[in-house]
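Take a look at the structure below.
Computed from the coordinates by the stated procedures, all read-outs in this text should not be read as laboratory data. Since this is a predicted model, take the numbers as computed values, not measurements. All Cβ positions, even for glycine, are placed from backbone atoms using ideal geometry, and neighbour counts span all protein chains on display.
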């Protein structure tokens, strides 16, 4: 596979009022204007509102109209299937597939992120649930992010490879129970890297403003751009790199640096 496969860099979310204070959006920018401004910065965005509420087709259609014709998307799966698993999760999966359909049909959906919480351990019950969830979400292109170290096993990676599901590579604090930073590729269609920052002290604070308050140094980013991303890129048709350290616009600055490093 060519080592010059496209790699798209962006951020997790785009609608942050604090980015106005950071000078990334002009003073007085309204929420409805932020996506149009964001697409001038990056080629891809990860939608995080879809984690808080069920995605709706009409909302997606409006977003596509306001985001221009070139912006690519990733979308988080709704929390009622990952963190607060509802009794009717199968119905939730069906609603999600229907709601995201316009984005899928546009050809601009790179993947759906199945982000699992730190307390979601590798147990027989959880393994069974994940298998059924993956089946319910077909034919979406899925990427799964584990937060618990118990999933860092070759048998898990092999199972994802058989299903052609992307294992999300994560960069986070070096805490003993968190899923480690790996460059394992399980899907030749896409690698997916999320950088959360390495704020060990604020990670379990309960405040996103503390948890994701981190500014990567260029040397830290080079650990990925030089040592890991080239191998991931060579194994995949495309890749996406997304920064989640949104506090004070640090994600934007770090994403711009990463773009320079990999290109």
Fill in: Per-selection Kirkwood Rh - the stretch 1-113 (Cα, Å, 1 d.p.)
15.2 Å
Response to the item:
Restricted to the chain, the DSSP antiparallel beta bridge percent, nearest 5, is 5 percent
Discussion item. I want to check the label-to-label distance for residue 88 and residue 21. Put each point 7 Å from Cα in the C-beta direction and report it in nm to one decimal.
Written reply: 4.0 nm
Worksheet, complete the sentence: Largest first and rounded to whole Å, the semi-axes √(5λ) derived from the alpha carbon gyration tensor of the stretch 115-263 read 25, 20, 13
Response to the item:
Candidates 83, 246, 196; GNM for the chain (alpha-carbon contacts under 10 Å) flags as most fluctuating 83
Worksheet, complete the sentence: Binned at 5 Å from zero, the C-alpha pair distances of the chain give percents of 1, 6, 13, 18, 20, 19, 14, 7, 2, 0, 0
Worksheet item: Given a cut-off of 18 Å, what percent of all Cα-Cα pairs of the stretch 103-173 lie beyond it?
Response: 38 percent
Practice prompt. Under a 10 Å cutoff between Cα atoms, tell me which one of 139, 173, 124 has the largest fluctuation in the Gaussian network model of the chain.
Written response: 124
Item to complete: Under 1.5 on a/c is rounded, so check that first for the stretch 1-48, then, if it is not, pick prolate when a/b is larger than b/c and oblate when it is not; a ≥ b ≥ c are the square roots of the alpha carbon gyration tensor eigenvalues.
Response: prolate
Worksheet entry | Highest-fluctuation residue, 78, 123, 166 considered, GNM on the chain with Cα pairs under 10 Å | 123
Response to the item:
Exposure proxy check on 145, 61: fewest-to-most Cβ neighbours within 10 Å is 61, 145
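Taking only C-alpha pairs under 8 Å that are 6+ residues apart, what is the relative contact order of the chain in percent?
Worked out over the chain, it gives 22 percent.
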